[in-house]
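J.: Below: one structure in structure tokens.
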């Protein structure tokens, strides 16, 4: 790991010396493990706030008084405390389900700043979104467009829509998180976009308000993002030629974070480049700029704490068996994703430094949280899996009848449980056995 610990929202009292306990803000992570147990997700309010403010400042400088809105992608981390931090900072929200909309409202978010993405919106979800007065829908298919018009008509409301166009731009990221190629399930084909916009403009209860795209996630090169932005600006010009004038343009999210030693996108340069793309509009577009970041705001604001249960050296390989598993953090198993793993406990002088595979107790060979990690660890030590603030808890499951982790928010010297650990009785509560007389 060549990136400093501060990149990952943590620090040590004595710098990078592994003899010191790992801290988040002013709280020792071992104190959190002692109070709340493990595995536990821990988030830094300061890191969430600073990530938002860095992006906000970059956009403010680039836009020079012109309107913009940061719509946090709720799917990255949907804990109510996290959403509340962003709501208090003035964020909008990008959602992909009715459940996420309910979360935003419960966390104090403003429905008028919510955009509803996702390609499988149900009638009930559309109805709820219209009744709450969201900012608009990102349309993923022609069938969805007609359904939203029908639901809006039944409620005597008008639905504000953007098409999520698929610009066929290669994000050069993992295929599971690439969304902007023509063979992906998302969006409307770029060469169909104008025709579908013309259809939308003729529908009785639809207001065309924007152009949207999203090409993928964990991008560390802004070239694909800027290529997509240029294409949707050109599309907005073509729509204006046809008498369809949009009010906003959104190139989506996807800005990546440092998981190990990656160079990431310079936000000031990126914001300036987006503004430059808008300035090249041949129609002189005067529009609001929307962004839909998730990982970029939450990813390095969280860690997953886990305890070493067993040290298992073998002839072929050494294993650290910990109490977190692929059901707690599936990214390494699903995406072959890398997360840095460091000692949260102070170093134990009696523990030899070895190269380990860090593995969980789930009955799958894929249950590996990190391979080839050099650690000096003993049974009972606490280790921290970094960059776990996005796509961590939200993708957790109860596989092997394992309860989901607790979530804790650190705020300066304080630590607050923002989701209690599940109990086994919680897992059984909605299940039932057949009664003896059931035929």
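Read-outs throughout are calculated quantities, based only on the coordinates presented, and are distinct from any laboratory measurement. All values reported here derive from a predicted model rather than from experimental measurement. All Cβ positions, glycine included, derive from the backbone under ideal geometry; neighbour counts span all protein chains shown.
J.: Using a Gaussian network model on the chain with a 10 Å cutoff between Cα atoms, which of 243, 210, 136 fluctuates the most?
T.: Highest fluctuation among the options: 243.
J.: Also: Quickly rank 394-403, 311-320 as a protection proxy: mean count of other C-beta atoms within 10 Å, highest first.
T.: 394-403, 311-320
J.: Where is the GNM fluctuation largest for the chain (alpha-carbon springs, 10 angstrom cutoff): 303, 165, 194?
T.: The residue that fluctuates most here is 194.
J.: Name the most mobile residue of 81, 111, 57, meaning the one with the largest mean-square fluctuation, in a Gaussian network model of the chain with Cα contacts below 10 Å.
T.: 57
J.: Calculate, in whole percent, how much of the Cα-Cα pair population of the range 318-408 lies beyond 23 Å.
T.: Within the range 318-408, distances greater than 23 Å cover 20 percent of Cα pairs.
J.: Right, another one. Using only the Cα atoms of the range 117-293, what are the Rg and Dmax in Å?
T.: So, for the range 117-293, Rg and Dmax equal 16.3, 53 Å respectively.
J.: At R0 = 51 Å, how high is the FRET efficiency between residue 2 and residue 421 if r is their beta carbon distance? Nearest 0.05 is fine.
T.: 0.90
J.: A further question on this structure: Applying a 10 Å radius around every beta-carbon, put 345-351, 28-34 in order of their mean neighbour count, most first.
T.: Result, highest mean first: 28-34, 345-351.
J.: At 4 °C and 1.567 mPa s, grab the translational diffusion coefficient of the chain from Stokes-Einstein with a Kirkwood Rh over Cα pairs, rounded to a whole number in µm² per second.
T.: 56
J.: A further question on this structure: With label points built 7 Å along Cα→Cβ from the Cα atoms of residue 20 and residue 397, find their separation and express it in nm.
T.: Inter-label distance under the simple model: 4.0 nm.
J.: Take the eigenvalues of the Cα gyration tensor for the range 388-439, scale each by 5, and report the square roots as semi-axes in whole Å, largest first.
T.: They are 34, 13, 7 Å, listed from largest to smallest.
J.: What Kirkwood radius, in Å to one decimal, follows from the Cα pairs of the range 1-93?
T.: About 15.4 Å for the range 1-93.
J.: Can you tell me the 0 to 90 degree angle between the C-alpha axis of helix 193-202 and the longest principal axis of the chain, rounded to 10?
T.: 60
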